[in-house]
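The structure appears right after this line, and notes come after that.
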Amino acid sequence: MLRLTLTATLAAGLTAQSVVVPNASATAAGTLVLNNPLRNSGNPRTYMMGINASQLTGIPIGSLINGISMRAGLTATNAAVWPANDVTFNDYEIRIGDAIPPASWTSAFLSNFVGTPTLARDGVMVVQAGAFTNGNPTAPTPNAWGTFFWDFQTPFVYTGGDLGIQLTHPGSNDPTSIFFEQVVSNSAVHGQAITYAAFQAATASSVNYAFCVVRIHYGYGPAGGCPGTGGLSPNLVQSENTTGGGTIHLQIANAPANAPAVYIFGLGRATIPLQNGCDLLMSPVATAFVPLDLNGRHDMLLNVPPGVVAMFNAQALVLDAGNAAGFTLSNGVEPQTN
């Protein structure tokens, strides 16, 4: 994990790159816990959330939703740090798409989408050791957000309206799991969740189930990306922005194992055509070279001192022989400090 310190003082004025749902849980811990999203070995799950459009007004229309993250619930059942070692799911699927109003949802998972949802992730998924912490803060103070992103191999273009997100997996290779923060489903306010204890289940056994507190991440750029090996484009996910100093977390994902990569930083959006249909999405002013890990990921922490006001753009370039140009480019994100 690379740490850099941001010291330049620039102009501010962009929105955050993530939205917490329910909005009321942005800084207040939920009262329930549930471990469906990352259940342990022998415990497959299908879990789906319907999110009301009123909770998503912070996502600009046309943005690329490219990941989600969660935080550990307030329970002594959770370890102080989880997992102890990397945890692998041999097939983790995420579907996302426009949804019918959550108040009208039935137990049939896919019927709650409007049309065919986007298969945002499919295949092996690895959760890195130490991704989630449980500091047992006093409620309503929540735990810190996990450093693991459910990054999307195929981002979803948000056009407004209610949203459905379905997670399904066969259980991990680990006997332990983590309980995430939840709230009671409320289709009139934030939405509702449904679930079944099977992989790729067609019908839920429980509706109005506990609703995950989830952070939805987004960026910008062409929906098709700039594909390389396996037809995949690298994905750049950003955590929330900072106020009064703090840390901005960037993660490159969805790229070849151990590939060389470059973070590109710039000021202002742009579309600069390069080779083979790949576009640079900003006017570059600085770069940082990094090696990706065995999972095709890299984490960068930008340390922002108190009092620094900054707005900038970031994108990732990955050397990848799967693209005729020899490289691929991710979506863009727009970190902000104030």
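Values quoted throughout were computed directly from the atomic coordinates according to the rules given, and no laboratory measurement underlies them. Model, not experiment: these values are computed from the prediction. In this analysis, Cβ positions are derived from the backbone assuming ideal geometry, glycine residues included, and neighbour counts consider all displayed protein chains.
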Worksheet item: In the chain, what percentage of the DSSP-assigned beta bridges are antiparallel, given to the nearest 5?
Response: 95
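Can you give the percent of C-alpha pairs in region 23-212 whose distance is more than 31 Å?
Details: 1905 of 17955 pairs.
Of all Cα-Cα pairs in region 23-212, 11 percent lie more than 31 Å apart.
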Response to the item:
Log entry: pair-distance distribution for the chain, C-alpha pairs binned every 20 Å from zero, whole % per bin is 32, 61, 7
Worksheet, complete the sentence: Counting only backbone N atoms under 12 Å from a point 7 Å out along Cα-to-Cβ of ASN303, the residues of region 258-277 in range are none
Worksheet item: Across 5 Å bins from the origin, how do the percents of Cα pairs in region 198-278 run, short distances first?
Response: 3, 8, 14, 19, 16, 12, 12, 8, 6, 3
Worksheet item: So between THR247 and THR77, what do we pick up on full extension, going 0.36 nm a residue minus the alpha carbon distance?
Response: 58.4 nm
Item to complete: Collect residues whose amide H, placed 1.01 Å from N in the peptide plane, falls under 5 Å from the amide H of GLY246; neighbours closer than 5 in sequence don't count.
Response: VAL304
Item to complete: Give a residue-ordered list of calculated ³J(HN,Hα) values for region 162-172 (Karplus: 6.51 cos²θ - 1.76 cosθ + 1.60, θ = phi - 60°; whole Hz; x for Gly, Pro).
Response: 5, 10, x, 10, 10, 10, 8, 7, x, x, 8
